[in-house]
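I have placed the structure first, in the form of structure tokens, so that the comments after it can refer back to it.
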Amino acid sequence: MAKDKSGRSLSELQIDALREAGNIGAGNAAIALSQMVSKKVGLSTPKASLMRLSNVPELVGGPEAPVAGVYLNVTGDCSGSILLLLEEESALSLAGLMVPGDIEEADDLTVVKKSALQETGSILSASYLNALGQLTGLFFKPSVPGFAVDMAGAILDYVLVDLASSADYVLVVETDFMVSGVKVLGHLVLFPDLGTLSKILDRLGVPFE
Amino acid sequence: MSDLVNVGVADLKVSDNSDTLVSYGLGSCVAVAIFDPVKKVGGLAHVMLPESRGKETAAAPGKFADTAVPHLVQELVRLGARPKGLKCKLVGGAQMFEIPGSRNKQAGLACGPSANIGARNVEAVKQALEELKVPIVGEETGGNHGRTVRFDTSSGVIDITSIYFGQSAL
């Protein structure tokens, strides 16, 4: 069973509460994304799980696998970071759907496509944070997003350092996007700073025992 | 028999058995490879942060530049390396993201480029090497791309792979 740094594990109830925030967030994000690309965007019911940080690269094909990462810092009543990870393939098809262009450019992440992905990460993160904020009454403020396409390990080790290495376990919310009927898989990884997760769970009414 | 040995984040491994030590997907982390080409012993540390400030050093000496370098040298000498025959190669220390106003508490920056962490890691490793008089004979650091490092401890050759620049030898 997944445990956080102090050896605590999340109960079914706690996972449910965090997933519910994910649900509401996904709904908000779908509306925002639809408006942005003028297409029907659907987001599946997310899966939430607590996961060892060192296992996160396995979600996207290992530490050497090329991925797109959108990274934001969170401040406010609680602090932490959020990373949207997309496998390269998923990133390309999502970007292609959002910014339709020449077929020849299909395998290229143009500046416009990168910017679209960055914005997607921003919208998804903000939507999840808003939902979490509504449910907890806490205020979260996301930073401007950073964007990189590189090896999963390289992207994560940067995030790790930025986190002051306080989190051994992270919260992963897995989300499927449906854009105009095409399915794309994304992973929203939340890195709560020390104390942040218990504060959120307290407010959600499902505190650690 | 030589093997492929994984050196994860904050890890440190040495070998006198011609093993190849590998660190996958280095971002702002620095791979510190120290070896004695005559005695054919070598070690690799996957350094994550510049300074230990007295924390966690016993559990993971490879995590911090200021503890990884002396620990690596000590382990290599224990395996028969000559302290004066040691050489070092450095790879990594990239800046993966640029976020305006990012905090990076560990780096001690209230604001500004959190970015600096890769460069600061490299700087801290160099300082530690200087103190122990270990010369740097190869370096591929900085930039904003990830790297995988395969360090052949018997030859001292490092094979670097990156998504953007392919493969190269150092």
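The values are calculated or read from the model by the stated rules, or taken from the named source; none is laboratory data. The structure presented is a predicted model; accordingly, all values stated were derived computationally and were not measured. No Cβ is skipped: glycine too gets one built from the backbone with ideal geometry, and neighbour counts run over all protein chains shown. Only protein heavy atoms, including side chains, enter the accessible area calculation; ligands, DNA and RNA are left aside. Shrake-Rupley method; radii C 1.70, N 1.55, O 1.52, S 1.80 Å.
Using +1 at the Cβ of each Lys and Arg and -1 at the Cβ of each Asp and Glu in the range B:4-169, identify which of B:30, B:70, B:49 lies farthest towards the dipole's positive end.
With unit charges placed on the Cβ atoms, the residue in question is B:70.
Multiply the residue gap between residue A:31 and residue A:199 by 0.36 nm, knock off their C-alpha separation, and tell me the result in nm, one decimal place. Mind showing how you got there, number by number?
On the way: separation 168, 0.36 × 168 = 60.48 nm, distance 2.86 nm.
Roughly 57.6 nm would be gained on extension.
Enter the mean number of other protein chain beta carbons within 10 Å of the beta carbon of each residue in B:46-53, as an integer.
Numbers: counts 1, 0, 4, 4, 1, 0, 0, 0.
Averaged over the peptide's residues, the number is 1.
Just reorder B:11, A:193 by solvent-accessible area, largest first, 1.4 Å probe, all chains present.
Numbers: B:11 50, A:193 10 Å².
I get B:11, A:193, largest accessible area first.
Whenever you get a sec, compute what percent of the accessible area on the range B:4-169 sits on carbon and sulfur atoms (1.4 Å probe).
Result for the range B:4-169: 51 percent of the exposed heavy-atom area is carbon or sulfur.
Leaving out ligands and nucleic acids, note down the accessible area per residue over chain A with a 1.4 angstrom probe, in whole Å².
Working: 8580 Å² over 209 residues.
So chain A comes to 41 Å² accessible per residue, rounded to a whole number.
Taking a probe of 1.4 Å and counting only protein heavy atoms, give the total accessible area buried between chains A and B in Å², rounded to the nearest 100. Numbers along the way, then the final one.
On the way: alone 9840 and 8400 Å², together 15750 Å².
Interface area, both chains combined: 2500 Å², rounded to the nearest 100.
Could you tell me which of the pairs A:40/A:114; A:141/A:183; B:63/B:126; A:39/A:199 are separated by over 27 angstrom between their Cα atoms in the structure shown?
Working: A:40/A:114 20 Å; A:141/A:183 30 Å; B:63/B:126 15 Å; A:39/A:199 37 Å.
Correct reply: A:141/A:183; A:39/A:199.
P(r) for the range A:12-203, please, calculated from all Cα pair distances in 5 Å bins and given in %.
Reading the bins upward from 0: 1, 8, 17, 22, 21, 15, 9, 3, 1, 0, 0.
For chain B, what is the accessible area per residue in Å² when the probe is 1.4 Å?
Value for chain B: 42 Å² per residue.
Please give the FRET efficiency for residue A:180 paired with residue B:169, using the beta carbon to beta carbon distance and R0 = 45 Å, rounded to the nearest 0.05. Mind dumping the intermediate values first?
Values: r = 46 Å, r/R0 = 1.02.
FRET efficiency, residue A:180 to residue B:169: 0.45.
How much accessible surface does residue A:31 have with a 1.4 Å probe, in Å² rounded to 10?
Surface accessible to solvent at residue A:31 totals approximately 100 Å².
Calculate the spin-label point distance for residue A:9 paired with residue B:78, positioning each point 7 Å from the Cα along the beta-carbon direction, and give it in nanometres.
3.5
Between residue A:77 and residue B:132, take the C-beta separation as r, use R0 = 45 Å, and let me know the FRET efficiency to the nearest 0.05.
Values: r = 46 Å, r/R0 = 1.02.
With a Förster radius of 45 Å, E is 0.45.
Highest GNM mean-square fluctuation, chain B, Cα pairs closer than 10 Å: which of B:123, B:51, B:98?
B:98
Mind giving me the nanometre distance, one decimal, between the label points for residue A:111 and residue B:59, set 7 Å out from Cα along Cα→Cβ?
Result: 4.6 nm between the two label points.
Taking each residue of A:140-149 in turn, how many C-beta atoms of other protein chains fall within 10 Å of its C-beta, and what is the average?
On the way: counts 0, 0, 0, 5, 5, 2, 8, 4, 9, 4.
So the per-residue partner count for this stretch is 4.
What residues of the range A:171-200 lie in the reach of a label at residue A:40, counting those whose backbone N is under 19 Å from a point 7 Å from the Cα along Cα→Cβ?
A:176-185, by backbone N distance to the label point.
Find, among the trypsin sites (Lys or Arg not before Pro) in the range A:25-83, those assigned to loop by DSSP (not H, G, I, E, B) with at most 16 other beta-carbon atoms within 10 angstrom.
On the way: sites: A:39, A:40, A:47, A:52; in loops: A:39, A:40.
Here the sparse-neighbourhood loop sites are A:39, A:40.
In whole Å, what are the extents of the protein assembly as shown along the principal axes defined by its C-alpha atoms, from largest to smallest?
Its Cα atoms span 65, 55, 40 Å along the three principal axes.
Suppose every K and R has +1 on its Cβ and every D and E has -1 on its Cβ; what is the size of the dipole of the range A:12-203 about the Cα centre, in Debye to the nearest 20? Intermediate results must be reported in sequence, preceding the final value.
Values: 11 positive and 23 negative charges, 151 e Å.
Roughly 720 debye for the range A:12-203.
Any chance you could look up the accessible area of residue A:178 with a 1.4 Å probe, heavy atoms only, rounded to 10 Å²?
80
In the range B:143-170, which residues become less accessible by 20 Å² or more once every protein chain is in place, relative to the chain on its own, using a 1.4 Å probe?
Listed by number, the residues meeting the 20 Å² cut-off are B:146, B:148, B:163, B:164.
Could you pull out the longest piece of chain A with no exposed loop chymotrypsin sites (Phe, Trp or Tyr not before Pro) in it, calling a site exposed if DSSP puts it outside H, G, I, E, B and it has at most 14 other Cβ atoms within 10 Å?
Values: sites that count: A:139, A:208.
Counting only loop sites that pass the neighbour cut-off, the longest clear stretch is A:1-138.
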